[in-house]
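Chemist: Structure below; questions to follow.
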Amino acid sequence: MTHTTKGKKILIVDDDEFHLDFAEIVLKEEYEIFKAKSGSEALTYLCKNNFVPSLILLDILMPNMDGWEVFNRIKAISLLRNVPIIFLTSVTETSQEKRAFEIGAADYITKPYDKDYLRDRIKETIKKYESEKRVL
C-alpha cells in the first residue's frame with residue numbers, strides 16, 4: 001500500500017523567519033504549509049479556525065512562550081490532542097530530547113538538519129499516526 005502525502009497539512013512554528021522559510025521550501029512540494037512566528041500565533045490560528053493539521057513542527061526556543069508550553073497547550077485542546085508534534089530545534093541536549101519523548105512528542109530533530117531526513121521523518125510520523133487512528 002502506497003502512502004500518499006497529498007492533502008496533508010503541516011503547521012511550522014518558529015520565531016526565526018529563516019527557519020520558517022527553509023522548512024517551507026523543503027516541504028511545500030509534498031504538503032500544504034502553514035506558518036506561525038510564535039506559539040501564541042499558532043494557538044490563535046489553530047483555535048480560531050478549528051484547524052487540525054496532519055503534523056506540527058515546533059521550535060523550543062521562542063520568546064514569550066517556549067515550545068514546551070506551546071506543546072502542553074496544544075495537547076490540552078481535545079480537537080488537537082492526537083496531532084503529532086515534532087520538535088524541530090537547535091537544542092541538542094540529550095536531557096531535552098528525553099523530556100520531549102516523555103511528554104509525548106512524535107519526534108525530535110535538531111537544527112541544522114538534512115532536508116531528506118526531515119522529509120522522511122515527517123512521512124513516517126504521519127504514516128504511523130494515521131495507522132494508529134485506524135486501529136482505534
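Chemist: Divide by every residue of the chain the summed helix terms, -39500 (n - 2.57) for each DSSP H run of at least 4, and state the resulting mean residue ellipticity at 222 nm, rounded to the nearest 500 deg cm²/dmol.
Modeler: -13500 deg cm²/dmol
Chemist: So for segment 1-102, averaging the separation of alpha carbon pairs under 8 Å that are six or more residues apart and normalising by length, what relative contact order in percent results?
Modeler: 26 percent
Chemist: Accessible area per residue for segment 75-136 in Å², computed with a 1.4 Å probe and the full protein assembly in place, what is it?
Modeler: It amounts to 61 Å² per residue over segment 75-136.
Chemist: Percent of accessible area on the chain owned by carbon and sulfur, 1.4 Å probe?
Modeler: The nonpolar share, carbon plus sulfur, comes to 49 percent.
Chemist: Using the Cα centre of the chain as the reference point, and only Cβ charges (+1 on K/R, -1 on D/E), how large is the resulting charge dipole? Debye, rounded to the nearest 20.
Modeler: Here the chain has a charge dipole of around 700 debye.
Chemist: In a GNM of the chain with a 10 Å cut-off on Cα contacts, which of I86, I77, I126 has the highest mean-square fluctuation?
Modeler: Between I86, I77, I126, it is I77 that shows the largest mean-square fluctuation.
Chemist: Once both labels are modelled 7 Å past Cα along the beta-carbon direction, what's the E41-K127 spacing in nm?
Modeler: Between E41 and K127, the label points sit 3.3 nm apart.
Chemist: Just want the answer: with Cβ charges of +1 for Lys and Arg and -1 for Asp and Glu, which residue in S40, T94, L20 is farthest toward the dipole's positive end in segment 10-106?
Modeler: Positive-most Cα among the choices belongs to S40.
Chemist: What's the extension gain from F51 to F101 if we count 0.36 nm per residue and subtract their Cα-Cα distance? Each step should come with its number before you reach the end.
Modeler: Working: separation 50, 0.36 × 50 = 18.00 nm, distance 2.42 nm.
That pair, F51 and F101, stretches by 15.6 nm at full extension.
The values are calculated or read from the model by the stated rules, or taken from the named source; none is laboratory data. These numbers come from a predicted model, not from an experiment. Note that we place each Cβ from the backbone using ideal geometry, even for glycine, and neighbour counts take in every protein chain shown. What goes into the accessible areas is simple: the full protein's heavy atoms, side chains included, and nothing from ligands, DNA or RNA. Shrake-Rupley method; radii C 1.70, N 1.55, O 1.52, S 1.80 Å.
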